[in-house]
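Read through the structure below, which is laid out as structure tokens, and then see the notes.
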Amino acid sequence: MAKDERFVKQITAKSEDFSRWYLEIIRKAEMADYAPMKGIMVIRPYGYTIWENIQRLMDRRIKETGHVNAYFPLFIPESFLKKEMEHLEGFAPQVAWVTQGGQEELEERLAVRPTSEAIIGSMYAKWIQSYRDLPVLINQWANIVRWEKVTRPFLRTTEFLWQEGHTAHETMEEAQEETIKVLYMYKDFVESELAIPVIEGRKSPRERFAGAMETYAIEALMSDGKALQMGTSHNLGQHFSKVFEIRFEDREQKQQYVWQTSWGVSTRLIGALVMTHGDDSGLRMPPQVAPIQVVVVPISLGSWKENVLPVALAIEKELLEAGLRVKLDAREEFTPGWKFSEWEMRGVPLRVEVGPKDIKENRAVLVRRDVQQKDFVGLAALAPQVKKTLQQIQSSLFEQALRFQRENTRSVSDYREFKEVLESKRGFIRSWWCGDEACEDKIKEETMASIRVIPLKEEAKEDPGDCVYCRKKGRELAYFARAY
RNA sequence: CGGGGAGUGGCGCAGCCUGGUUAGCGCGCCUGCCUUGGGAGCAGGAGGUCGUCGGUUCAAAUCCGAUCUCCCCGACCA
């Protein structure tokens, strides 16, 4: 059996049409389906279980760093949104409005939340009086609506699910520290749970969140060479506290405005999993977030129900007791081969096969989804071996993605080369930038590439080169890419 | 929002140009037999009114108009 041979052709090859491949995986793996309204999808159980796993692992980190969960309203009065004009103008084209309740027209329009800075800010103004009330460290899990013109399942939909943290602090330094702490929390989460390597850094002013003083993000490279923003963390400064009057009496008994942050990751991460790890046979789920970590397939031959099934049941029980998410697929109406393909499409990381031959040898067959490798394992050592293999798959997926990211990150100092790389290879391009928005705009216009992130740690290590566009002295080392 | 393409049983498609009996095909689904170590085989069967609305016509999946949705490219977008 050749390693990269496709057993069954059921989806468009990734290399043939990436976009179509992506959409077909989502439907064949039953992650999501289109709802009958433009740009809105239904997240089906298999996709939603991935989200639940993401939630569970992220929520743990959020709480470990001292935050607590709360829930704020879906509706935001227009006047609240208007208080921070930069913020309103940033979101205006994407806001859905409620103008009528029952038969009555509303006196004031209500926005369906595009994000919650405004409504949360108005509440913080009531809750915060003294430095003793600070910091406020609140997170909420919620749905968000943004009227998007171009939508794609998970990557950009009109309604989506996310988590948004909103914190308030005594000092600018403390808010900045929080912003960066969360950025690295996201990086750690995405790399260790989703097995997706990211580059963390600051956004250029052009890409900054509407109303933020500074925006930071983690960016990943999808396997078609386009970048995807995986999470953002904003230092809001005092923009919102000034307009919402979020004041406190400080240690010197003076009135001060609080310093705020906000940060979020969304169901877009599920799209990133597909585009980072998927192959021509379907999904490849990292074990940490896989809805099913191990599928047990009994080889149904002859009197398998008497001989094979009891062993399969015992294996299922043992793996369940070992704390794994296990599925025994003992359906009679499908052949083993059919089941193999089915679970490969859904990206189940590890498959355990047991058949008559294995039972004679007192063993089972382990098949890794990531590399399609088969190994015989004695039944006595099964559970520990399965656990170990899952860990290997988790790190192997990360390593594969990291290798891809490194191979597709190129340092370029010449604009001609810059354009050439984008045309032929895409990926991240590391270049110096003078800091002038005009250069950034020109580059975007001419190459469709934007500044994804200005790395936090790398700048100091190198002598500045010239701006890749205007040749003036470079001020920032930036990662450029075409992005989703 | 601009340009292009597409909506026909669950999925993928043919039919439309050149209107005319019961709208086909493959996969899937159901029943039975037989099979099962990489999506088995045979036989029988169910399921669509052609995205939606309107118009032309004796007659519309087919022609005309509007509208909704999806896909691709671009503009826009934390």
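The values are calculated or read from the model by the stated rules, or taken from the named source; none is laboratory data. Everything numeric here is computed off the predicted structure, so don't read it as measured data. We place every Cβ from the backbone using ideal geometry, glycine too, and count neighbours over all the protein chains shown. Protein only, heavy atoms only, side chains kept; ligands, DNA and RNA dropped before computing areas. Shrake-Rupley method; radii C 1.70, N 1.55, O 1.52, S 1.80 Å.
Can you list residues from other chains, or at least 5 along the same chain, whose modelled amide H is less than 5 Å from the amide H of A:Val296?
Close amide H contacts, sequence-distant or interchain: A:Lys327, A:Leu328, A:Asp329, A:Val352.
Once the dipole of chain A is set up with Lys and Arg at +1 and Asp and Glu at -1 on Cβ about the Cα centre, which of A:Ser411, A:Gly355, A:Val98 lies farthest towards its positive end?
A:Gly355
When ligands, DNA and RNA are left out and all protein chains stay put, how many square angstrom of accessible area per residue does chain A have with a 1.4 Å probe? Provide the component values of the computation, followed by the final result.
Details: 21900 Å² over 484 residues.
Roughly 45 Å² per residue, with all protein chains present.
Determine the dipole magnitude for chain A: charges of +1 sit on the beta-carbon of Lys and Arg, -1 on that of Asp and Glu, nothing else is charged, the reference point is the Cα centre, and the result goes in debye to the nearest 20.
1080
Along its principal axes, what span do the Cα atoms of the stretch A:18-277 show, with the longest given first and each in whole Å?
Answer, in whole Å and largest first: 62, 50, 32 Å.
Show me A:218-225, A:437-444 ranked by packing, highest mean number of other Cβ atoms within 10 Å first.
A:218-225, A:437-444
Hey, can you rank A:286-299, A:235-248 by average C-beta count inside 10 Å, highest first?
A:286-299, A:235-248
Starting with the highest mean, order A:254-261, A:164-171, A:99-106 by the number of other Cβ atoms within 10 Å, averaged over the residues of each peptide. Present the calculation step by step, with values, prior to reporting the outcome.
Working: A:254-261: 20.9, A:164-171: 22.5, A:99-106: 8.6.
Going from most to least packed, we get A:164-171, A:254-261, A:99-106.
So what is the relative contact order of the stretch A:346-484, in percent, for Cα pairs below 8 Å that sit 6 or more residues apart? Don't jump to the answer; show the numbers that get you there.
Working: 203 pairs, mean separation 26.4, N = 139.
Relative contact order of the stretch A:346-484: 19 percent.
Put one equal scatterer on each alpha carbon of chain A, apply the Debye formula with no solvent term, and list log10 I(q)/I(0) at q = 0.08, 0.12, 0.13 1/Å to two decimals.
Log10 of I(q)/I(0), two decimals: -0.57, -1.12, -1.24.
What Rg and what Dmax come out for the stretch A:294-389 when only alpha-carbon atoms are used, in angstroms?
Reported Rg and Dmax, both Å: 12.1, 33.
Rounded to the nearest angstrom and ordered from largest down, what semi-axes does the equivalent ellipsoid of the stretch A:89-157 get from its C-alpha gyration tensor (root of 5λ)?
Working from the Cα gyration tensor, I get semi-axes of 28, 20, 10 Å.
Before rounding to the nearest 500, sum -39500 (n - 2.57) across all DSSP H runs of length at least 4 in chain A and divide by the residue total; then give [θ] at 222 nm in deg cm²/dmol.
-11000 deg cm²/dmol
Roughly how many percent of the accessible protein surface of chain A is carbon and sulfur, given a 1.4 Å probe and a whole-percent answer?
Reported share for carbon and sulfur atoms: 49 percent.
Would you mind computing the Rg to Rh ratio of the stretch A:409-481 from its alpha-carbon coordinates, Kirkwood style for Rh? Walk me through the numbers before you get to the answer.
Values: Rg = 10.9 Å, Rh = 11.9 Å.
Taking Rg over the Kirkwood Rh, I get 0.92.
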